[in-house]
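**Student:** Got a structure here, written out as structure tokens. Questions coming.
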Amino acid sequence: MKHTEKEIQLLKDEVKLMWKLVISQLENAKKAMLNNDIALATKIIRNENDVNTFELKVDNLCENFIALNNPVAIDLRLALSLIKISSSLERIGDFTDGIARFITDKECETLDPDLIERLNIEKMFDTLLGMLLDGFVAFETEQTKVSEKIISKDDQVDEIYNNVFETLATHIKNNPAQTICMLKLLLLIRKLERIGDHNNNIVEEIVFFVDARVLKHSGSNNF
């Protein structure tokens, strides 16, 4: 293996390690949310620094790779994409941290499980985890055929998000004492919706470095 190939593999390996950590963070956020598991939420918060450290390391490795090797074509696209992918993964990590902090918020420690079910929060988590896992496989195999499938899942996340307002408004009307907690819950669901957006960004970067195609702002008709 050439020296440059070894550096490229190192870059990919670091991003994959970061990706696996973020998947774990999101899986734990789902479990903690559905089970009101304060200990697990605390673990998520504690691991957030590890996600941030990964982003800084990937940025540094990619910048050095570009500066020292003057890469072109797919190698340059890869380095640029990895910087953006790690940034999106870091943002997803931030959102899981925010979810964990909501779970540890004493003001919302008695959430109605029936409300969580009516808001389809579990389905939202499952869809996002599917996007993140499918994106990891697409990155690892450099296969972009699943890109449209992954991006289309974000429509499901958006639909759930758009339906929560009426449900929360009705709950607040019937339970005015829980208004502040419900507003915090809305912010949590907004974080989940943003995770879907960042998953889309990751897929766009995979398509960019593998196929040299730019999907951003172009819609799904260009698949």
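The values are calculated or read from the model by the stated rules, or taken from the named source; none is laboratory data. Remember, it's a predicted structure, so these values are computed and weren't measured experimentally. No Cβ is skipped: glycine too gets one built from the backbone with ideal geometry, and neighbour counts run over all protein chains shown.
**Student:** Just checking, which of A79, A67 is part of a helix (DSSP H, G or I) and surrounded by fewer than 15 Cβ atoms within 10 Å (Cβ to Cβ)? Explain how you work it out, then say what you get.
**Tutor:** Values: A79 fails: surrounded by fewer than 15 Cβ atoms within 10 Å (Cβ to Cβ).
Exactly one of A79, A67 is part of a helix (DSSP H, G or I) and surrounded by fewer than 15 Cβ atoms within 10 Å (Cβ to Cβ), namely A67.
**Student:** Can I ask one more? If we scan segment 22-44, do we find a residue that is closer than 27 Å to R213 by Cα and touching a residue at least 40 places away in the same chain (Cβ under 8 Å)?
**Tutor:** So the first thing to find is which residues in segment 22-44 are closer than 27 Å to R213 by Cα, and the list is 22-23.
After this cut, where a residue has to be touching a residue at least 40 places away in the same chain (Cβ under 8 Å) as well, the list is 22-23.
Yes: segment 22-44 contains one or more residues that are closer than 27 Å to R213 by Cα and touching a residue at least 40 places away in the same chain (Cβ under 8 Å).
**Student:** Might you check whether a residue that is at pLDDT below 95 and among the β-branched types (V, I, T) occurs anywhere in segment 21-34?
**Tutor:** The answer is no, given that none of the residues of segment 21-34 is at pLDDT below 95 and among the β-branched types (V, I, T).
**Student:** Within segment 49-63, can one find any residue that is of a type in the set (D, E, K, R), within 24 Å of G130 (Cβ to Cβ) and within 21 Å of the chain's Cα centre (by Cα)?
**Tutor:** Here is the first cut: in segment 49-63, the residues of a type in the set (D, E, K, R) are 50, 55, 57, 59, 63.
Right, trim to within 24 Å of G130 (Cβ to Cβ) and you get 50, 55.
From what's left, within 21 Å of the chain's Cα centre (by Cα): 50, 55.
Yes - at least one qualifying residue is present in segment 49-63.
**Student:** On to the next question. Name the pairs: first residue in segment 7-19 and in contact (Cβ under 8 Å) with a residue 40 or more places away in the chain, second residue among the basic types (K, R) and surrounded by 15 or more Cβ atoms within 10 Å (Cβ to Cβ), Cβ to Cβ under 9 Å, at least 6 apart or on different chains?
**Tutor:** Pairs found: E14/K57; M18/K57.
**Student:** Which residue is surrounded by the most Cβ atoms within 10 Å (Cβ to Cβ), if the candidates are limited to segment 113-150 and must be under 19 Å from T96 (Cβ atoms) and of a type in the set (F, W, Y)?
**Tutor:** The residue in question is F125.
**Student:** Let me ask something else. Is it the case that T96 is in contact with a helix residue (DSSP H, G or I) (Cβ under 9 Å, 6 or more places away or on another chain) and either outside any helix (DSSP H, G or I) or exposed (fewer than 15 other Cβ atoms within 10 Å of the Cβ) (or both)?
**Tutor:** No.
**Student:** Being free of Cβ contacts under 8 Å to residues at least 60 places away in the same chain, touching an Asp or Glu at 6+ places or on another chain (Cβ under 8 Å) and surrounded by 21 or more Cβ atoms within 10 Å (Cβ to Cβ), is that true of even one residue in segment 151-163?
**Tutor:** Within segment 151-163, one or more residues are free of Cβ contacts under 8 Å to residues at least 60 places away in the same chain, touching an Asp or Glu at 6+ places or on another chain (Cβ under 8 Å) and surrounded by 21 or more Cβ atoms within 10 Å (Cβ to Cβ).
**Student:** So T110 fits all but one of (1) polar (S, T, N, Q); (2) surrounded by fewer than 20 Cβ atoms within 10 Å (Cβ to Cβ); (3) under 30 Å from D211 (Cβ atoms); what number is the exception?
**Tutor:** (3)
**Student:** Looking at L111, L26 in this structure, which one is farther than 18 Å from T4 by Cα, aliphatic (A, V, I, L, M), touching a helix residue (DSSP H, G or I) at 6+ places or on another chain (Cβ under 8 Å) and not in a helix (DSSP H, G or I)? Give the steps one after another, and end with the answer.
**Tutor:** Working: L26 fails: not in a helix (DSSP H, G or I).
On inspection, the qualifying residue turns out to be L111.
Listed here are the residues, each with its yes/no results for (1) in a helix (DSSP H, G or I); (2) loosely packed, with under 14 Cβ neighbours inside 10 Å; (3) among the basic types (K, R); (4) out of contact with any Asp or Glu (no Cβ under 7 Å at 6 or more places or on another chain).
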site: T179; (1), (2), (3), (4): yes, yes, no, yes
site: L183; (1), (2), (3), (4): yes, yes, no, yes
site: G196; (1), (2), (3), (4): yes, no, no, no
site: I206; (1), (2), (3), (4): yes, no, no, yes
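**Student:** Still on this structure, I have one more. Of the conditions (1) surrounded by fewer than 20 Cβ atoms within 10 Å (Cβ to Cβ); (2) modelled with pLDDT of 95 or more; (3) in contact with a helix residue (DSSP H, G or I) (Cβ under 7 Å, 6 or more places away or on another chain), E166 satisfies every one except a single condition; which number is it?
**Tutor:** All conditions are met except number (3).
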